[in-house]
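This report concerns only the one structure given below.
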Amino acid sequence: MEAVMSVDDFKQDHTIRTGEQRARASAPRVLVAGASIAGPALAHWLRRRGAEVTVVERAPELRPGGQAVDARGVAKEVIGRMGLDAAVRAECTDTAGAHTVDADGQVLETFRADDDGGDGFIADIEILRGDLSRVLYDDTRDGVEYVFGDRIAGLAQDADGVDVVFAGGDRRRFDLVVGADGLHSALRAMVFGPHVRFLRHLGHVLAFYSVPNEFGLDRWLLEYRDQESGRSALLRPVQDATRAMAMFYFGSADFDVDYRDIAAQKVLLRGRMAGLGWLTPDILAYLDDTPDFYLDQVAQVVMDRWSSGRVGLLGDAAFSSSPMSGQGTGLALVGAYLLAGELAAAGWEPEAGFARYEARMRPFVEANQEIGRLNARSRDVPGPDAEPSPDFAGEWFTELVGRAINGVELPDYAGVPDSAAPAGSPITSPVKP
């Protein structure tokens with residue numbers, strides 16, 4: 001016989017259900033643009049703090065491969081708090097260190113992964129961007145809505161929310177919108193103004209792509225730098241021993257190639273690398289067949305503020321420190337932790353939450369951007385008008401590196417909700433045509 005619910009039981013059950021419905025109804029709805037590293041990292045913390053999160057990514061799927069990225073100092077602590085230390089380390093490149101070599105391949109200088117407690121030139125947590133992105137996506141896909149093959153086409157915000165129009169035709173309303181869509185952030189341009197106002201070109205261009213490992217590469221990164229021209233060619237190991245990642249640096253005071261025009265970029269790279277010795281011709285032989293070519297200016301994003309009303313920015317979209325800093329991923333991970341924590345601690349009130357996030361992050365960002373500028377200067381070709389190369393042996397630089405790696409506090413946010421267990425089922429929206 002089915003049990004009969006008493007009046008008291010009914011009242012208690014109704015109270016519980018009403019509380020759950022009220023909690024769901026009051027959960028802030030947050031839209032995040034970008035599904036590389038900063039976006040999924042933010043989704044992780046927003047979900048744990050009680051938000052309903054949607055991540056929109058203009059690419060039809062996660063982008064594989066990419067440059068090797070590092071986590072040092074406080075960024076490793078964030079990975080630990082995410083519960084992802086083992087998952088991230090399982091995908092690391094397992095690079096033993098780096099050798100700088102001359103044109104004949106003779107070793108000139110060596111850096112090891114265990115230097116400086118694993119926080120040196122080669123970090124002990126080094127992972128391909130695409131692999132870290134996949135770890136973060138796998139961690140967040142339960143309970144976070146991912147919309148691939150779409151983008152924000154327009155938005156209008158008022159005192160209570162943000163109305164968003166997607167390129168695919170959908171119209172939705174959110175409480176907050178965060179741009180984590182990289183150096184060339186479309187959301188930043190839409191809300192804050194044209195890229196030229198915020199991009200600071202550091203006078204160099206970086207290119208990288210995967211190649212077959214026919215160079216005898218075995219857990220050691222190799223870099224050849226031509227001092228006269230300032231150009232560099234690198235080969236770095238990846239987990240798959242049959243493959244390697246090739247990288248090139250060259251100086252360029254101006255940069256006028258469309259960052260989406262791959263054919264033009266390859267023409268530019270071939271022209272700028274012509275005549276460079278070492279293994280350069282052999283590496284360039286794979287340029288046409290590589291599936292993951294990337295080339296862009298080495299640039300920073302410098303902004304007076306990272307929010308406008310209910311719209312904020314994170315990662316390279318807000319404060320790119322450039323690959324020359326080696327800390328772009330660390331800034332994204334730490335920023336994601338602080339942004340979600342400060343918004344939740346402020347009761348999801350955007351003005352207070354965004355302000356506290358920026359106050360905590362800005363000194364950390366500025367230290368890392370200074371590292372990026374100094375490293376870029378060290379690669380400049382000497383000339384009568386060039387600034388002197390930095391003296392990295394001074395105590396001032398040791399102090400700067402310390403601030404760049406560990407110079408930010410990670411609050412415990414003890415009074416803020418934290419549901420570490422994933423909730424719900426995968427809800428990945430279909431790719432739009």
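The values are calculated or read from the model by the stated rules, or taken from the named source; none is laboratory data. Everything numeric in this text was worked out from a predicted model, so none of it was measured. Note that we place each Cβ from the backbone using ideal geometry, even for glycine, and neighbour counts take in every protein chain shown. These accessible areas exclude ligands, DNA and RNA; they are computed on the full protein's heavy atoms, side chains included. Shrake-Rupley method; radii C 1.70, N 1.55, O 1.52, S 1.80 Å.
Structure summary
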quantity: Extension reserve of the residue 242-residue 409 stretch, reckoned as 0.36 nm per residue once the Cα distance is removed; calculated: 56.0 nm
quantity: Ellipticity estimate at 222 nm from DSSP helix runs (n ≥ 4, -39,500 (n - 2.57)) divided over the chain, nearest 500; calculated: -10000 deg cm²/dmol
quantity: Residue 290 - accessible surface, heavy atoms, 1.4 Å probe, Å² rounded to 10; calculated: 20
quantity: Contour minus Cα-Cα distance for residue 359 and residue 142 (0.36 nm per residue); calculated: 75.0 nm
quantity: Environment charge of residue 64, counting only residues whose C-beta is closer than 14 Å and scoring Lys/Arg +1, Asp/Glu -1; calculated: -3
quantity: Pairwise FRET efficiency - residue 58 versus residue 159, Cβ, R0 = 30 Å, nearest 0.05; calculated: 0.55
quantity: Separation of the residue 195 and residue 102 label points, Cα + 7 Å toward Cβ, nm; calculated: 4.1
quantity: Net charge, residue 222 excluded, C-beta distance under 13 Å - Lys, Arg +1, Asp, Glu -1; calculated: -3
quantity: Accessible area in the full protein assembly, largest first, 1.4 Å probe, for 278, 306, 396; calculated: 396, 278, 306
quantity: Heavy atoms of residue 58: accessible area, 1.4 Å probe, square angstrom to 10; calculated: 130
quantity: Farthest toward positive dipole pole in the chain [+1 Lys/Arg, -1 Asp/Glu at C-beta], among 242, 33, 96; calculated: 33
quantity: Mean separation of Cα contacts under 8 Å (6+ apart) over length of the chain, as relative contact order %; calculated: 21
quantity: Shape call, segment 206-267: gyration tensor on alpha carbons, a/c limit 1.5; calculated: oblate
quantity: Inter-part distance where segment 258-298 and segment 28-83 are each reduced to a Cα centre, Å; calculated: 29
quantity: Answer label, with Rg and Dmax of the Cα atoms in Å calculated from the coordinates and candidates (1) 22.6, 67; (2) 23.3, 95; (3) 24.5, 83; calculated: (2)
quantity: Average accessible surface area per residue within the chain, 1.4 Å rolling probe, Å²; calculated: 46
quantity: Euclidean distance of C-alpha centroids, segment 325-385 and segment 148-207, integer Å; calculated: 18
quantity: Prolate/oblate/rounded label for segment 124-258 (Cα gyration tensor, a/c 1.5); calculated: oblate
quantity: For q = 0.13, 0.18, 0.27, 0.31 Å⁻¹, Debye-computed log10 I/I(0) when each Cα of segment 168-220 counts as one equal scatterer; calculated: -0.64, -0.82, -1.19, -1.26
quantity: Tensor-based shape of segment 234-322 (alpha-carbon gyration tensor, a/c under 1.5 rounded, otherwise prolate or oblate); calculated: prolate
quantity: Kyte-Doolittle mean at least 0.5 and Cα axial length at least 15 Å: DSSP H helices in the chain; calculated: 328-345
quantity: Lys, Arg +1 and Asp, Glu -1 on Cβ, resulting dipole of segment 197-353 about Cα centre, debye, nearest 20; calculated: 160
quantity: Dipole moment magnitude, nearest 20 debye, the chain about Cα centre, only Lys, Arg, Asp, Glu C-beta charged; calculated: 1140
quantity: Rounded to whole Å, sorted largest first: equivalent-ellipsoid semi-axes of segment 368-418, Cα gyration tensor; calculated: 36, 12, 6
quantity: Neighbour-limited loop hits for chymotrypsin sites (Phe, Trp or Tyr not before Pro), segment 152-220 (at most 16 other Cβ within 10 Å; DSSP other than H, G, I, E, B); calculated: 215
quantity: Within the accessible area of segment 309-382 (1.4 Å probe), percent carbon and sulfur; calculated: 49
quantity: Charge tally in the Cβ shell below 13 Å around residue 315, where Lys, Arg are +1 and Asp, Glu are -1, residue 315 excluded; calculated: 0
quantity: Kirkwood-based Rg to Rh ratio, segment 173-328, C-alpha trace; calculated: 1.03
